[in-house]
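Following: one structure in structure tokens, then a few remarks.
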Ligand SMILES: Nc1ncnc2c1ncn2[C@@H]1O[C@H](COP(=O)(O)OP(=O)(O)O)[C@@H](O)[C@H]1O
Ligand SMILES: Nc1ncnc2c1ncn2[C@@H]1O[C@H](COP(=O)(O)OP(=O)(O)O)[C@@H](O)[C@H]1O
Ligand SMILES: [Mg+2]
Ligand SMILES: [Mg+2]
Ligand SMILES: [Mg+2]
Ligand SMILES: [Mg+2]
């Protein structure tokens, strides 16, 4: 699976993150690695830097990892997580400026086709609702 | 609650729909009525016209109902549901051309402020990821 | 064959075809969609079959409207409102079973218009319309049953090189090219079932 | 007061303030955010307090870095990486507790720069920066402890008429006007706790 860009879905809600991952898997099957994480360290609505780091590492691919986030704090916490993974890894991780559910589906279908990280990001960001 | 525009969230995934509604409620509390529905009539990924109709009716407000949908079939099924509710009701229902999670939060915060249906739709659609 | 027998026979023939090809439809949808078209169609037509006796006792038009509503309510994917609206529109366009080629064409055209309106789409977008419209054309051109079958099958194949611009397959952009559209295939299955019924008549 | 005593004392004073005002912070966040700022800050600073003994045995700089990382990991909202990065940057900027006004200003400035970078923001966006920057300015201008407290409190009030352009409150557009920013308030609470510690010294 590591010959393709992987996807990480970060939402304030664990259910949104999981449900979005289900939708993505329905579209692309097991062609790419997908991780989802949501909720703060106590399980409430929020995001968890440590969990985001783990998710990225769990699906690590030499082709890169595209991260989809929902609102404000999810982005800030994901940026923090990426920074904490170190500059070498950070180079191969992008946060897509795209809606979390729709962007995840778009990114995943592009990634499943074997595209590189930049193309995956672009496809997610091109999504028009 | 019916002095404000209501929100209906329609996703292929029941978990996305519910999680998005949780996020919305966290933002706006009980200021507006919110319904969520996801999954086909058997509970699998998909959408259910009858359930969408029920959700819209459950939060019916004379100020109108803004519907947020995720992908393709969710929109088609929501359009069908609105048509089946009849032309009188249909006039006061809009499907927002916006991402489901982020659009729901945007629409709800606008609706909670007492804005009319058209303004709520516009705010949801203006969302830039 | 009387109307009620034909209603029932059509339901059985379409239901059997969908049932027999559900896995194929799902596989086609796995390639360029979310892999549920077979499940969706089976769910929808099983629900129609469950109403077989009631539908058999209705006029052709009423039965179409009722079956259409059942598809709308049960399919769960975009194809539900699309086929459902088509059936409902066809049912509205006629009370009785078509007796002539012209009436048959009119019926199908009503269905096609409903799909176009519901799907905000037209031929060339790699959808069911790319089968339904060629089939209508062949009927209008005077094709016999075998020719209609052939027109449907060729139209299915012709969706392969198309770029999808509607439905989920549109998310794949260029990667939708080279695959048959699942809704095109299910439309052809329905066309074949109707041809079967006409041949039995 | 030795460094280890002051580390511990600062932790207690900040923790107590946050604990005492958590509901207030949450209420402020309910008006223009998602109503979790009090919970977030309490979660974060409780985790810091849980490491009190370890932190007390570190240099001032090391303790700040460690506490910052704990905030990053525990807060769960945007304020986590913001305060966390600020603490970490302050810890990196100095090993020892600041001894002069100039050193104190330098320390705070390092924290402010980190918040700006992490939040891609600046003063005027109705955030914690709208307290931290005025506080820095008052220190640079030679304010005594009472003046610093006053600067912080006035800065909190001054966020009321501001239009939020960063963070969740930005979703509210015009409706964010007329409310105090929760992060501005929590920053003022921390400033007051530091002032308490300095007065005890
Ligand atoms: N806008 C549209 N116009 C016409 N046909 C469409 C449209 N969207 C989808 N379809 C048809 O529906 C089929 C997919 O149906 P299905 O898989 O059951 O629904 P979903 O895409 O919601 O999973 C496609 O193969 C296509 O033929
Ligand atoms: N981009 C940013 N730059 C600076 N401060 C910010 C930014 N985003 C949010 N904040 C601050 O964080 C506070 C909200 O924190 P909190 O409620 O804990 O996080 P969240 O918004 O993720 O729920 C705001 O009141 C504001 O002061
Ligand atoms: Mg499908
Ligand atoms: Mg589907
Ligand atoms: Mg908050
Ligand atoms: Mg939050």
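All of the numbers you see were taken from the coordinates with simple rules; none came from a lab. Owing to the predicted nature of the structure, the values given are computational and were not obtained by experimental measurement. Cβ coordinates were reconstructed from backbone atoms using ideal geometry, including for glycine residues, and neighbour counts include every protein chain displayed.
Each peptide in C:170-178, B:99-107, D:148-156 was scored by the mean count of other Cβ atoms within 10 Å over its residues; highest first, the order is B:99-107, D:148-156, C:170-178.
Given the protein assembly as shown, what percent of its DSSP beta bridges are antiparallel, to the nearest 5? Of all bridge pairs located within the protein assembly as shown, approximately 0 percent are antiparallel. Rounded to the nearest 500, the helix-only mean residue ellipticity at 222 nm of chain C stands at -23500 deg cm²/dmol, with each DSSP H run of n ≥ 4 adding -39,500 (n - 2.57). Mean-square fluctuations from a GNM of chain D, with a 10 angstrom spring cutoff on Cα atoms, peak among D:58, D:128, D:41 at D:58. In terms of other Cβ atoms within 10 Å, D:87, D:45 run from fewest to most in the order D:87, D:45.
Report the semi-axes of the equivalent ellipsoid for segment D:24-111 in whole Å, largest first, where each axis is √(5λ) for an eigenvalue λ of the Cα gyration tensor.
Working through the eigenvalues yields semi-axes of 25, 16, 10 Å.
Relative contact order for chain C: 23 percent, from Cα pairs under 8 Å spaced at least 6 residues apart, divided by residue count.
Backbone N atoms of segment C:180-201 closer than 20 Å to the 7 Å Cα→Cβ label point of residue C:153 belong to residues C:180-200. The modelled label-to-label distance between residue A:3 and residue D:16, using points 7 Å beyond Cα along the C-beta direction, is 6.4 nm. Distance from the alpha carbon centroid of segment C:39-116 to that of segment D:67-109 works out to 67 angstrom. For chain A, the relative contact order works out to 31 percent when only alpha carbon pairs closer than 8 Å and six or more residues apart are counted. Each 10 Å bin from zero up to the one holding the largest Cα-Cα distance in segment C:3-200 carries the following percent of pairs: 10, 39, 39, 11, 1.
Three principal axis extents of the protein assembly as shown based on alpha-carbon atoms, in descending order, are 103, 54, 32 Å. Sorted from closest to farthest, the other copies place their residue C:158 label points 7.2 nm away, with each point set 7 Å from Cα along Cα→Cβ.
For the peptide B:27-35, the mean number of other protein chain Cβ atoms found within 10 angstrom of a residue's Cβ is 2.
Give me the inter-chain shielding for D:38-44: mean count of other chain Cβ atoms within 10 Å, whole number please.
Mean shielding by partner chains, rounded to a whole number: 2.
Under the simplified labelling scheme, the residue B:126-residue C:23 pair shows an inter-label distance of 5.4 nm, with each label point 7 Å from Cα along Cα→Cβ. Per-residue packing, averaged as other Cβ atoms within 10 Å, sorts the ranges C:115-125, D:67-77 into the order D:67-77, C:115-125, beginning with the highest. Listed peptides A:60-72, C:14-26 appear in the order A:60-72, C:14-26 once ranked by packing, highest mean of other Cβ atoms within 10 Å at the front.
With each label modelled as a point 7 angstrom along the Cα→C-beta vector, the residue D:137-residue B:116 pair spans 4.2 nm.
Between copies, the label points of residue B:119, set 7 Å from Cα on the Cα→Cβ line, lie 4.6 nm apart, reported in increasing order to one decimal in nanometres. The mean of 1/r over all distinct Cα pairs in segment A:6-119, once inverted, gives the Kirkwood hydrodynamic radius of 13.4 Å.
Per the Debye calculation on segment C:53-97 with a single equal scatterer at every Cα and no solvent contribution, log₁₀ I(q)/I(0) for q = 0.15, 0.29 Å⁻¹ amounts to -0.32, -0.90. Axis angle, to the nearest 10 degrees, between helix C:3-32 and the longest C-alpha principal axis of chain C: 10 degrees.
Per residue of C:64-76, how many C-beta atoms from partner chains lie within 10 Å of its own C-beta, taken as a mean?
The shielding value for this peptide is 4.
The rotation axis taking chain B to chain A passes closest to the C-beta of one chain B residue; that residue and the distance in whole Å read B:99, 1. Each other copy holds its own label point for residue D:27; taking that point as 7 Å from Cα along Cα to Cβ, the gaps run 6.6 nm, nearest first.
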